[in-house]
1. Within the range 2-23, is even one residue surrounded by 14 or more Cβ atoms within 10 Å (Cβ to Cβ) and closer than 18 Å to S235 by Cα?
2. Pairs please, first residue from the range 285-299 and in the same structural domain as F274 (by TED's automatic domain parsing) and farther than 18 Å from C52 by Cβ, second anywhere and in a loop (DSSP other than H, G, I, E, B) and away from the ligand (no atom under 15 Å from the Cβ), Cβ atoms under 8 Å, 6+ apart in sequence or on different chains.
3. Would you be able to tell me the number of residues in the range 303-325 that are within 16 Å of the ligand (Cβ to nearest atom), outside any helix (DSSP H, G or I) and within 34 Å of the chain's Cα centre (by Cα)?
4. How many residues, within the range 319-345, are of a type in the set (S, T, N, Q) and under 19 Å from A270 (Cβ atoms)?
5. Are there any helices (runs of 4 or more DSSP H) wholly within the range 209-298 with 1 or more residues that are over 14 Å from the mean Cα position of the chain (by Cα) and within 19 Å of K177 (Cα to Cα), and if so which?
6. Starting from residues that are free of Cβ contacts under 8 Å to residues at least 60 places away in the same chain and not hydrophobic (A, V, I, L, M, F, W, C), keep the ones in the range 187-204 and report whichever is surrounded by the most Cβ atoms within 10 Å (Cβ to Cβ).
7. Check S280 against each of (1) surrounded by 17 or more Cβ atoms within 10 Å (Cβ to Cβ); (2) more than 20 Å from I16 (Cβ to Cβ); (3) away from the ligand (no atom under 13 Å from the Cβ) and name the one condition it does not meet.
8. Please state which one of S272, S216, S235 is under 24 Å from I342 (Cβ atoms) and hydroxyl-bearing (S, T, Y).
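The values are calculated or read from the model by the stated rules, or taken from the named source; none is laboratory data. Just so you know, these numbers come straight off a predicted model, no measurement behind them. Every residue, glycine among them, receives a Cβ derived from its backbone with ideal geometry; neighbour counts consider all protein chains shown.
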Amino acid sequence: MMTKRRKSREIFIGKIGAGATHPISVQSMTNVPTDDTKSVINQICRLASAGCEIARVSVPDKNAVEALPEIIGKSPMPVIADIHFDYRLALAAIDAGVHGLRINPGNIGSRKRVEMVAKAAGEAGIPIRIGVNAGSLEKPLLEKYGGPTPRAMVESALNQARILEDCGFRAIKVSLKASDVTSTVEAYRLIAKKCDYPLHLGITEAGTAFTGTIKSAVGIGILLAEGIGDTIRVSLSADPVEEVRVGWEILKSLGLRSRGVSVISCPTCARSVFDVVAVSMEIERRLADIVAPLKVAIMGCAVNGPGEAKLADVGFAGLKKGKAALYTKGKRIRTVSTNDAIEIIEETVRKLVC
Ligand code: SF4
């Protein structure tokens with residue numbers, strides 16, 4: 001059973017609200033050099049088409065900062081600058097017009113520097129995400145806790161948040177990322193009880209598209225089901241568009257958001273009268289551009305087929321060799337040939353959404 005969503009403070013990243021009653025939003029991060037503006041903008045546009053709502057870009061040097069105004073100007077979504085080590089880059093990114101900053105408490109430098117960043121961000125009206133990463137925790141905390149434990153991560157985030165709050169800065173978001181699921185879940189559970197900051201969820205360095213998807217779905221899924229989390233990012237060693245697709249599937253599977261075509265397909269067995277696997281995969285690929293939420297059931301035979309097909313917006317259920325029943329909105333429309341499955345399903349879905 002889903003737990004009621006945790007009450008969190010409202011912040012805005014450009015036009016996107018996070019926390020409070022705002023929908024949980026999907027973020028991703030570009031992975032091309034930030035000073036290659038053409039590639040960054042192309043990638044951000046591809047991310048937007050997949051449903052990404054906030055884009056983060058790394059700002060490792062002066063060249064990256066100089067690229068920001070053009071990126072921000074052409075981006076269809078808010079842009080967050082990811083800053084490590086150099087507070088001057090954070091100040092320059094704010095000047096360039098970013099919609100949010102992500103800094104890491106372990107490596108941004110002295111309290112004075114953090115205060116300067118907080119003051120500038122406050123004046124610009126943008127939020128700061130404190131992005132604690134198990135791999136870069138402050139030394140004293142590592143010594144105190146004997147390693148990058150969930151408690152150490154929480155203390156790091158709250159210490160940093162206190163510095164920002166002491167400067168009168170309140171637009172704070174927090175993330176606590178470890179590469180193992182159990183530590184991450186534990187850290188978020190702990191911090192969720194200790195503050196009202198909106199929380200950005202993710203399993204960092206989760207791995208390749210296959211393992212990373214599973215780890216992220218488990219970790220982010222557990223927390224969301226417990227009512228924890230306001231924005232999410234699935235980290236994959238893959239095209240970031242995949243991160244967005246996985247992020248949406250996690251939210252959709254918990255009924256937290258709806259977007260695009262959800263294919264409900266059976267695992268197939270000896271009763272299947274057509275190639276459900278090939279048809280389902282091709283339908284998912286062909287209909288990836290549809291934004292309207294829609295269920296499409298593709299079922300191999302008459303055992304469970306008609307039931308699922310009736311519950312979907314469009315249903316295709318095998319009957320006997322070469323034949324299937326086509327359903328729309330719960331009604332059986334006609335009997336069709338399974339040879340034309342892909343074309344018939346695509347056409348029926350597109351008619352419904354146009
Ligand atoms: Fe097998 Fe039919 Fe169930 Fe598909 S719907 S798994 S083909 S019994």
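1. Going through the range 2-23, the residues surrounded by 14 or more Cβ atoms within 10 Å (Cβ to Cβ) turn out to be 5-6, 8-14, 16-20, 22-23.
Filter once more, keeping what is closer than 18 Å to S235 by Cα: none.
No, the range 2-23 contains no residue that is surrounded by 14 or more Cβ atoms within 10 Å (Cβ to Cβ) and closer than 18 Å to S235 by Cα.
2. Here the result reads L287/G260; L294/G260; L294/D313; K295/D313; V296/L287; V296/D313, each pair linking the range 285-299 to a residue that is in a loop (DSSP other than H, G, I, E, B) and away from the ligand (no atom under 15 Å from the Cβ).
3. Going through the range 303-325, the residues within 16 Å of the ligand (Cβ to nearest atom) turn out to be 303-312, 315-325.
From what is left, the residues that are outside any helix (DSSP H, G or I) are 303-304, 312, 315-325.
From what is left, the residues that are within 34 Å of the chain's Cα centre (by Cα) are 304, 312, 315-317.
Adding up the residues that qualify gives 5.
4. Taking the range 319-345 and keeping what is of a type in the set (S, T, N, Q), we get 328, 335, 337-339.
Within this subset, residues satisfying the condition of being under 19 Å from A270 (Cβ atoms) are 338.
Adding up the residues that qualify gives 1.
5. Fully inside the range 209-298 and qualifying: 209-225.
6. Per the criteria, the residue is Y188.
7. Failing condition for S280: (3).
8. Details: S216 fails: under 24 Å from I342 (Cβ atoms); S235 fails: under 24 Å from I342 (Cβ atoms).
Unique residue meeting the criteria: S272.
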